[in-house]
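Below is one structure. I have some questions about it.
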Amino acid sequence: MQTSLDIQYIFELFPYLLKYLSVTMGMAIWGFVLALIFSVTIAIIRVFKITVLAQLCALFISFFRGTPLLVQLFLLYYGLPRFFPIFEGLDAFTAAVIGLSLHFSAYMAESIRAAIMGVDKSQMEACLSIGMTRSQAMRRIILPQASRVATPSLMNYFIDMIKSTSLAFTLGVTEIMAVSQMEAASSFKFFESFLAVAFIYWAVVVFFTRIQYLLERYLNRAY
Amino acid sequence: MIKVTNLTKKFAENAVLKGIDFEVSLGEIVVIIGPSGTGKSTLLRCLNYLETPTSGCIEIGGIKVDSRSATRTQINKLRKQSSFVFQNYSLFANKTALQNVAEGLITVWKMPKPQALQLAKDKLIQVGLRDKLDQYPSQLSGGQQQRVGIARAMVAKGEVILFDEPTSALDPEWVDEVLAVMKTLAKQQQTMIVVTHEMQFAREVADRVIFMEGGYIVEQGTPQQIFENPQHKRTQAFVKRALKY
């Protein structure tokens, strides 16, 4: 039984784990881009209260907020192919990206909706008064203003998503969590392995927190 | 030409407009006066379809919309016939003064961007904002913002500009500069409908004054008729009070 912390082992592990960081970040970035597209669409449908679609979106949000991400990933990867053969060719990476994006879009849609509702209604009236259509107003005036309000919380979701990609190892995606798990299992240095991966997550999150700060400062200039 | 027929507006059970009929001809300057809460602003907002009338017909520049059968396309066409100057300016917060004025030209009228910006610049110079082109609304005073609002309404190619209490939210020191811009517009024969409490402006500039109360047009006539020789008791009382200040 080894009791002292093998610091050297941790440092040896870093470069090895970092090789797989691209997989982790790939899932997070793809997942976030998709989640943005989904959530903006859902938010607009809910703001305009488009019949049927708005109810479907409400159901979607209820389900994806009401069940754990892990359960959703399992349903998507292990469950769906049985009933929908189209999902059989789905690889674990793609399944994780889809699962993450659906899950996070449910939360992000509510943030974006709140941000849109927060734009003063006089802005929409001003658009209409000069002959713009509602969708032109959305694109040119309302969404740009809402994005400024929504950015801090969306960045928080992105950071949360980076950490949530660690669940993808349960689907068999070889990302940093999976690699550290395998290393731990072969070396029996569990604490060191997980400490190493924890530091990597932490460093990445600190990096993006800095980006968030700069982005907010940029968005808050002038007006 | 503008023609409003039997226009009514109810908010829930509260009837704000109870049957409004009037016409405005091209180049005419009409000022609507009356106590607060009598439907003046609602009437103006209905003309721009910012409020949907409960019933009635609105015709501006050959586009006729009956509220009962109005389609989205018709409403959009009607809106393009008028532009609106808001009490609280309502400038696009994420756009500079120049972009505020050019926005409609680019988005609605599909004018090439350099041309739109040039025209916007000309209008802003006309309203005396040559050195404020690239400022955001939050960097401008109330009077400057409202002048941008007027410039934005001027380029909208509509037949009429609707002014909804354009000076009510302004500090007294900024009122005159906004009224001066409106007077210039009036001299250029721009058709205007103005809701205001500025009686002096109404007297000097209006071709016709409409007195509204309780959801009805009570009386209308030349400024002289309304201010010096009002026929209706309600008008007499209002004018007497209003001219005291």
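Largest first, how would A:His103, B:His197 line up by accessible area (1.4 Å probe)? Don't skip to the answer; put the middle values down first.
Details: A:His103 20, B:His197 80 Å².
Final ranking, largest accessible area leading: B:His197, A:His103.
B:Phe211: net charge of surrounding residues, Cβ under 9 Å, Lys/Arg +1, Asp/Glu -1, itself excluded? Provide the component values of the computation, followed by the final result.
Working: positive: B:Arg234; negative: B:Glu213, B:Glu219.
Computed value for this residue: -1.
Putting +1 on Lys and Arg Cβ atoms and -1 on Asp and Glu Cβ atoms, find which of A:Ile162, A:Ile176, A:Ala146 reaches farthest to the positive end of the dipole of the range A:131-188.
In the range A:131-188, that residue is A:Ala146.
With an 8 Å cut-off on Cα pairs and a minimum separation of 6 or more residues, tell me the relative contact order of the range A:21-173 in percent. Can you show the working numbers first?
Numbers: 146 pairs, mean separation 54.8, N = 153.
Here the relative contact order equals 36 percent.
Rounded, prolate or oblate: pick one for chain A, where a ≥ b ≥ c are the square roots of the eigenvalues of its C-alpha gyration tensor, a/c under 1.5 means rounded, and failing that, prolate if a/b is larger than b/c, else oblate.
Numbers: a/c = 3.36, a/b = 1.70, b/c = 1.98.
Taking the square roots of the gyration eigenvalues as a ≥ b ≥ c, chain A is oblate.
Right, here's the next one. Which residues does the label zone of A:Ile50 cover in the range A:117-142, counting backbone N under 19 Å from a point 7 Å along Cα→Cβ?
A:117, A:133-142
Still on this structure, I have one more. Just how far, in whole angstrom, is the range B:146-170 from the range A:94-133 if you go by their alpha carbon centroids?
Rounded to whole Å, the Cα centres lie 30 Å apart.
Let me check I've understood the local charge: for B:Ala120, count other residues with C-beta under 11 angstrom from its C-beta, Lys and Arg +1, Asp and Glu -1. What total comes out?
Result for the neighbourhood of B:Ala120: +3.
Among the aspartates and glutamates, which fall within straight-line cross-link reach of B:Lys240, defined as a Cα-Cα distance under 13 Å, with same-chain neighbours fewer than 8 residues apart omitted?
Candidates past the 8-residue exclusion: B:Glu228.
What residue among A:Ser122, A:Tyr16, A:Leu75 has its Cα farthest toward the positive end of the dipole of chain A, where the charges are +1 on Lys, Arg and -1 on Asp, Glu, each on the Cβ?
Result: A:Ser122.
To the nearest 10 square angstrom, how much accessible area does A:Glu216 have with a 1.4 angstrom probe?
Rounded to the nearest 10, the figure is 50 Å².
Right, here's the next one. Take every Cα-Cα distance within the protein assembly as shown, group them into 20 Å bins from 0 onward, and report for each bin the whole-number percent of pairs it holds.
20, 39, 24, 13, 3, 0
Express in nm, to one decimal, how much length is gained between A:Val33 and A:Ser135 on full extension, taking 0.36 nm for each residue of separation and deducting their alpha carbon distance.
My answer for the length gained is 34.6 nm.
Moving to a separate point now. Excluding residues fewer than 8 places away in the same chain, name every one of the aspartates and glutamates whose C-alpha is closer than 16 Å to that of B:Lys121.
Answer for B:Lys121, where 16 Å is the Cα cut-off: B:Glu103, B:Asp131, B:Asp134, listed by chain and number.
Within the range B:1-64, report the GluC sites (Glu not before Pro) that DSSP leaves as loop and that have at most 14 other Cβ atoms within 10 Å.
Qualifying residues, ordered by number: B:Glu13.
What FRET efficiency do you get for A:Ile7 and A:Asn156 if R0 is 35 Å and r is their Cβ-Cβ distance, rounded to the nearest 0.05?
Values: r = 32 Å, r/R0 = 0.92.
Working from the Cβ atoms, E equals 0.60.
Sum up the charges of everything whose Cβ sits under 13 Å from the Cβ of B:Tyr136, counting Lys and Arg as +1 and Asp and Glu as -1, but leave B:Tyr136 out.
+3
How far, in degrees from 0 to 90, does helix A:143-164 lean away from the longest principal axis of the Cα atoms of chain A, to the nearest 10?
Rounded to the nearest ten degrees, it is 20.
On to the next question. Given the pairs B:Lys40/B:Lys233; A:Lys121/B:Lys80; B:Lys113/B:Lys187, which span a C-alpha to C-alpha distance of over 23 angstrom in this model?
Checking Cα-Cα distances, B:Lys113/B:Lys187 exceed 23 Å.
Which three numbers, in whole Å and largest first, are the semi-axes of the equivalent ellipsoid of the range B:127-245 derived from its Cα gyration tensor as √(5λ)?
The answer is 30, 15, 12 Å, longest axis first.
Moving on to the next point. Of the candidates A:Ala203, A:Ala43, A:Ala96, which one comes out as most mobile in a Gaussian network treatment of chain A with C-alpha springs shorter than 10 Å?
A:Ala203
Okay, moving on. Which distance in Å, rounded to a whole number, links the C-alpha centroids of the range B:28-72 and the range A:138-164?
38
Quick one: check the C-alpha center-to-center distance for the range B:214-245 versus the range A:170-202, whole angstrom.
Going from one Cα centre to the other spans 84 Å.
Let me ask another. Treating only the Cα positions of chain B as identical point scatterers, give the base-10 log of I(q)/I(0) from the Debye formula at each q in 0.08 Å⁻¹.
Cα-only, vacuum Debye calculation for chain B: -0.30.
Tell me which lysines have Cα within less than 19 Å of A:Lys163's Cα, excluding those fewer than 8 residues away on the same chain?
A:Lys19
In what sequence, largest accessible area first, do B:Lys3, A:Lys19 appear using a 1.4 Å probe?
Details: B:Lys3 80, A:Lys19 140 Å².
Sorted descending by solvent-accessible area, the residues read A:Lys19, B:Lys3.
The values are calculated or read from the model by the stated rules, or taken from the named source; none is laboratory data. The structure presented is a predicted model; accordingly, all values stated were derived computationally and were not measured. Every residue, glycine as well, gets a Cβ built from its backbone with ideal geometry; the counts of neighbours run over all protein chains shown. Just the protein is used for accessible areas: all its heavy atoms, side chains included, with ligands, DNA and RNA removed. Shrake-Rupley method; radii C 1.70, N 1.55, O 1.52, S 1.80 Å.
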